[in-house]
1. Assuming R0 = 35 Å, can you tell me the calculated FRET efficiency for the pair Leu54 and Ala20, based on Cβ-Cβ distance, to the nearest 0.05?
2. What is the spread of the Cα atoms of the chain along each of their three principal axes, largest first, in whole Å?
3. Note the full-extension length gain between Glu83 and Ile288 as 0.36 nm times their separation in residues minus their Cα-Cα distance, in nm to one decimal.
4. Can you bin the stretch 39-196 into rounded, prolate or oblate? Criterion: square roots of the alpha carbon gyration tensor eigenvalues sorted a ≥ b ≥ c, rounded for a/c under 1.5, prolate for a/b above b/c, oblate for the rest.
5. How about the stretch 5-35: which trypsin sites (Lys or Arg not before Pro) there lie in a loop by DSSP and see at most 16 other Cβ atoms within 10 Å?
6. Work out which helices of the chain, taken as complete DSSP H runs, extend at least 18 Å along their axis over the Cα atoms and score a mean Kyte-Doolittle of 0.5 or more, then list them.
7. Over the Cα atoms of the stretch 73-156, what is the Rg over Rh ratio if Rh follows Kirkwood?
8. Enumerate the aspartates and glutamates that Lys155 could reach by cross-link, defined here as Cα to Cα under 12 Å, with residues fewer than 8 away along the same chain left out.
Amino acid sequence: MKPKKTDPMKSFLKKYPFLAEAERIYRLVDEAVGTPEPIQLPERAVTKTLTEKLPILQQETYKSRMVRAVSLMQEDVFTRIAEAEVPPLMQESAREYLAVLKKLRKAAKEEFIIAVLRQDKAAFAALCEQHALNEGFIRSTIWRMVAALVPAELKEPDGWNPDRDRPRFRENYCPVCGRRPVLAELRKYREGRTRDLICGGCGTRWLYARVGCVYCGNTNLEKMHTLEPTDSDLMRLDICDVCDSYIKTYRGPANGSDADAIYRQDWASVHLDLLAEEKGLHKKGNPILE
Ligand SMILES: [Zn+2]
Ligand SMILES: [Zn+2]
């Protein structure tokens, strides 16, 4: 008899029933974004990132290409969100953005996307304030479209660093979009483990130093500590005492199974963010917040 295949999401939600609503909303936005054709990013874009440490979407040509692609789909996506069974506040925020886009010319519509890709928080906040829009919702939804438009092979850590003993890119920002990471993941490698960072914007994963703060670069281990939640040993918080920030670190054994993908989602461990918030720690890399 074949072993029964269990849906990893089902068993995950059975374990964390309070995350069901977050998962539902995440899934509905996923459906609204759909599966657009990824944008074309030639090998020379990757080469430039490797040699100049300039993320692909910060290179003018490819940034414009991404802006156009998001611009072409954003009205459809926000229309679908406005009609989906998401919380009323989200529906309303989507409708408000659509109403604003409707009266703007193409260049003005693109300004929102450009500010998001540049990670110009002040410029994007000003745009949203000017039009009375929900900043966090629109920014994070634009990132969801960007993530869908980045070719899948560029999101794989082994593509950026085929040889983990001789890394080609090992910065603390995403090689594709330039954002700071939102999560980390420890992976078995030879006798020990290596650490990949995960971008909360475009979903890329890339190799980084095994120890030290991913945000401020502190490498003094006496000024770092970890916090392990009592209910699970799959995730822990790596906390830096220099900058008071933390990164949730997945150290699951699943190794390539579907369950790994769940733990690479920021929403799937939001209870740990609450724990960190209680301790006055700063969260970084989440597109709703920055
Ligand atoms: Zn990214
Ligand atoms: Zn730090």
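1. Values: r = 41 Å, r/R0 = 1.16.
Once the sixth-power term is evaluated, E becomes 0.30.
2. Here the spans come out as 58, 49, 45 Å, largest first.
3. Values: separation 205, 0.36 × 205 = 73.80 nm, distance 2.09 nm.
Gain on stretching Glu83 to Ile288: 71.7 nm.
4. Details: a/c = 2.45, a/b = 1.85, b/c = 1.32.
Prolate, because a/c is 1.5 or more and a/b exceeds b/c.
5. Sparse-neighbourhood loop trypsin sites (Lys or Arg not before Pro): Lys5.
6. On the way: long enough: 20-33 (20 Å, -0.16); 60-83 (34 Å, -0.34); 88-103 (23 Å, -0.34); 135-149 (21 Å, 0.67).
Counting only whole DSSP H runs, the qualifying helices are 135-149.
7. Values: Rg = 12.9 Å, Rh = 13.3 Å.
Ratio of gyration radius to Kirkwood radius for the stretch 73-156: 0.97.
8. By straight Cα distance, Lys155 reaches Asp196.
No lab work stands behind these numbers, since they all come straight from the coordinates. These numbers come from a predicted model, not from an experiment. Quick reminder, even Gly has a Cβ in these numbers, built from the backbone with ideal geometry, and neighbours come from all protein chains shown.
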